[in-house]
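Below you'll find the structure, written out as structure tokens, and then a few comments.
The values are calculated or read from the model by the stated rules, or taken from the named source; none is laboratory data. None of these values were measured; they are calculated from a predicted model. Using ideal geometry, Cβ is built from the backbone for each residue, glycine included, and neighbour counts are taken over all protein chains shown. Note: areas computed on protein heavy atoms with side chains; ligands, DNA, RNA excluded. Shrake-Rupley method; radii C 1.70, N 1.55, O 1.52, S 1.80 Å.
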Amino acid sequence: MQKNFSAHFKSNPVFDHVSAAGKELKVPVYVVGGYVRDLILKRPSKDIDFVCVGSGIALAKEVAKHLGNDAKLTVFKNFGTAAIHHKGFEYEFVGARKESYRENSRNPVVEDGTLEDDQNRRDFTINAMAISLDEESYGELLDPFNGMEDLRNMLIRTPLEPGVTFSDDPLRMLRAIRFATQLKFDIEPDTFQGIIDHVDRIKIISQERITDELNKIIMTDKPSYGFQLLFHSGLLKLIFPEMTDLQGVEKIHGKGHKDNFYHTLQVLDNICEMTNNLWLRWAAILHDIAKPATQRFHEKAGWTFHGHEDLGAKWVPNIFKKFKLPLDERMKYVQKLVRLHLRPIALVNDRVTDSAVRRMVFEAGEDVGDLMTLCKADVTSKNPERVKKYRSNFKKVEKRIREVEERDHVMNFNPPVSGEQIIEVFDIKPSKVIGDIKTEIKEAILDGRIKNDEKEAFELMIKLGQKHGLTPVEKYLSTSSDK
Ligand code: CTP
């Protein structure tokens, strides 16, 4: 087992600079936390935390001098910390401290402390390791809680009694689950029990920090693992009750439906194999979110969830607002995918007209490919024959989408007749009728009654104007038939 890391420190001159700065200031200096963990796990990292027994700010200032003009120093006076941005790396400098937390706040009361005090107040054994940068012990690992052993056994464990570590900073309950999911580790049983016992404390954590951790879980290879830990610990019920509502199977006359929670997790894992787009992953999480609210039992048809896609889409803005996720086009994108997620399947039937395909392409626009990805991820059948059939159906739908788009170009629909043109042709003032004519032209194109081209659209505009009691001005009257 590696115990000395001095060879690694040759990889980046910053370590020697910090070591020299520590010597000049006569303070012991260490690399600490996530960087040490990731170094041992061989996960490359560009964030390096340094701790010294003294002033972190003074150390950072000294290191910045060593690094020269390229180094950008930021001092956080209130926190007693400083950061240096240098050549794509982020270095953070703190003085070792003892912290104790107040019951109703995650802001600690901070006092200076020893390296050991500092390690004691960290979240997990694997994050509490330090490597010395002092001359006489350069590269030596300081691992008071045997984090190395936990790394080997792939375990998340708190350094102190879990209740102490979690009530000091309840965000750590989410961090435990996030690290377990990212690193594919287990949570040591007492630590997991500690989460169960303290779930209520999550209420003092700001939504932004909760969402940040949740997004990190969502961005892992297999987020279902994290969501199951969230569910079984009781945290999910508190931070995302709409999702726990998906869990469970109701039975009437012996007929059940699938458990929508586990189905959603499967869809999420499936989509993670196909995309790194966080918002497409969110669409997978939310695609069936309104199923419990629309669930009905019919004697003949069994369980139905009519309209869950529309209701789910309607919920998206509130869910985004609650999570403090962006309310811009990213939210609209998720909303659109939730609303349309059943549409491609409805197009599988050969008897479906081109018009239905055209409408879907028009509504999905450039996101039609992502919509197809969501639909593919939505296939969670365990029956290989069925999966094969679904896949070939999707191929068919994709072919029809391509054909319709090549012919009709409705994906980035630009009205072939503009409002200004209508005003000019009929010599009218801006008014509602212009919008009506444009809508009717768009509908005619989507229905396939006319082609998506200027000539046919112009002819239809003349006819529609006349239907609305308008007369084209002289020059357009004469050209309207051959335009
Ligand atoms: N830390 C802690 N409790 C927290 C947050 C952080 O004890 N609530 C400590 C841990 O020792 C952690 C270090 O501060 O390793 C740095 O925190 P952070 O940068 O948030 O996490 P990393 O461990 O570096 O991991 P990642 O970059 O993946 O978030």
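Structure summary
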{"item": "Test set (1) crowded, with 16+ Cβ neighbours inside 10 Å; (2) touching a residue at least 40 places away in the same chain (Cβ under 8 Å); (3) more than 12 Å from the ligand (Cβ to nearest atom); (4) farther than 15 Å from ILE84 by Cα - VAL36 fails condition number", "result": "(3)"}
{"item": "Checking ALA58 against (1) over 18 Å from LYS10 (Cα atoms); (2) away from the ligand (no atom under 16 Å from the Cβ); (3) in contact with a strand residue (DSSP E or B) (Cβ under 6 Å, 6 or more places away or on another chain); (4) among the aliphatic types (A, V, I, L, M), the condition it does not meet", "result": "(3)"}
{"item": "Checking ALA176 against (1) within 13 Å of the ligand (Cβ to nearest atom); (2) touching a Phe, Trp or Tyr at 6+ places or on another chain (Cβ under 8 Å); (3) without any contact (Cβ under 8 Å) to a residue 40 or more places away in the chain, the condition it does not meet", "result": "(3)"}
{"item": "Extreme residue, farthest from ILE252 (Cα to Cα), among residues of the stretch 298-310 that are open to solvent by 50 Å² or more (accessible area, probe 1.4 Å) and either touching a Lys or Arg at 6+ places or on another chain (Cβ under 9 Å) or not assigned by TED's automatic domain parsing to the domain that holds ARG330 (or both)", "result": "ASP310"}
{"item": "Residues within the stretch 360-391 that are over 20 Å from GLU309 (Cβ atoms) and open to solvent by less than 60 Å² (accessible area, probe 1.4 Å), tallied", "result": "1"}
{"item": "Selected residue (criterion: nearest to GLY465 (Cα to Cα)) from residues of the stretch 407-422 that are open to solvent by 60 Å² or more (accessible area, probe 1.4 Å) and modelled with pLDDT of 90 or more", "result": "GLN421"}
{"item": "Subset of the stretch 462-480 [in a helix (DSSP H, G or I), open to solvent by less than 60 Å² (accessible area, probe 1.4 Å) and out of contact with any Ser or Thr (no Cβ under 9 Å at 6 or more places or on another chain)]", "result": "LEU464, TYR476, THR479"}
{"item": "Pair list, Cβ under 7 Å, 6 or more apart: the stretch 328-346 residue over 23 Å from LYS395 (Cβ atoms), other residue outside any helix (DSSP H, G or I) and at pLDDT 95 or above", "result": "MET331/LEU325; VAL338/HIS287"}
{"item": "Criterion (of a type outside the set (Gly, Ala, Ser) and crowded, with 20+ Cβ neighbours inside 10 Å) met by exactly one of VAL352, VAL357", "result": "VAL357"}
{"item": "Residue list for the stretch 145-167, restricted to those being in contact with a strand residue (DSSP E or B) (Cβ under 8 Å, 6 or more places away or on another chain) and more than 19 Å from MET129 (Cα to Cα)", "result": "SER167"}
{"item": "Selected residue (only one of GLN266, GLN228, GLN295, GLN247 is under 28 Å from LYS382 (Cβ atoms), touching a residue at least 40 places away in the same chain (Cβ under 8 Å) and open to solvent by 50 Å² or more (accessible area, probe 1.4 Å))", "result": "GLN266"}
{"item": "Residue under evaluation GLU161, criteria (1) charged (D, E, K, R); (2) at pLDDT below 95; (3) more than 10 Å from the ligand (Cβ to nearest atom), criterion not met", "result": "(2)"}
{"item": "Candidates ARG121, ARG152 - the one that is at pLDDT 95 or above, open to solvent by 40 Å² or more (accessible area, probe 1.4 Å) and not hydroxyl-bearing (Ser, Thr, Tyr)", "result": "ARG152"}
{"item": "Candidates ILE210, ILE195, ILE205 - the one that is surrounded by fewer than 19 Cβ atoms within 10 Å (Cβ to Cβ) and within 14 Å of the ligand (Cβ to nearest atom)", "result": "ILE205"}
{"item": "Residue list for the stretch 39-55, restricted to those being in contact (Cβ under 8 Å) with a residue 12 or more places away in the chain and either closer than 16 Å to LEU25 by Cα or within 12 Å of the ligand (Cβ to nearest atom) (or both)", "result": "LEU39, LEU41, LYS46, ASP47, ILE48, ASP49, PHE50, VAL51, CYS52, VAL53, GLY54, SER55"}
{"item": "Hits in the stretch 115-144 (condition: closer than 23 Å to THR81 by Cβ and among the aromatic types (Phe, Trp, Tyr))", "result": "PHE124"}
{"item": "Looking only at the stretch 13-33, and only at residues there that are within 29 Å of ARG172 (Cβ to Cβ) and assigned to a loop (DSSP other than H, G, I, E, B), the one that is most open to solvent (accessible area, probe 1.4 Å)", "result": "PRO28"}
{"item": "Options ILE285, ILE289: the member that is assigned to a loop (DSSP other than H, G, I, E, B) and modelled with pLDDT of 95 or more", "result": "ILE289"}
{"item": "Total residues in the stretch 1-12, condition assigned to a loop (DSSP other than H, G, I, E, B) and either modelled with pLDDT of 90 or more or among the hydroxyl-bearing types (Ser, Thr, Tyr) (or both)", "result": "4"}
{"item": "Residues that are closer than 17 Å to SER224 by Cα and surrounded by fewer than 17 Cβ atoms within 10 Å (Cβ to Cβ), drawn from the stretch 251-261", "result": "LYS258, ASP259"}
{"item": "Test: residue in the stretch 294-304 that is at pLDDT 95 or above and over 15 Å from the mean Cα position of the chain (by Cα)", "result": "no"}
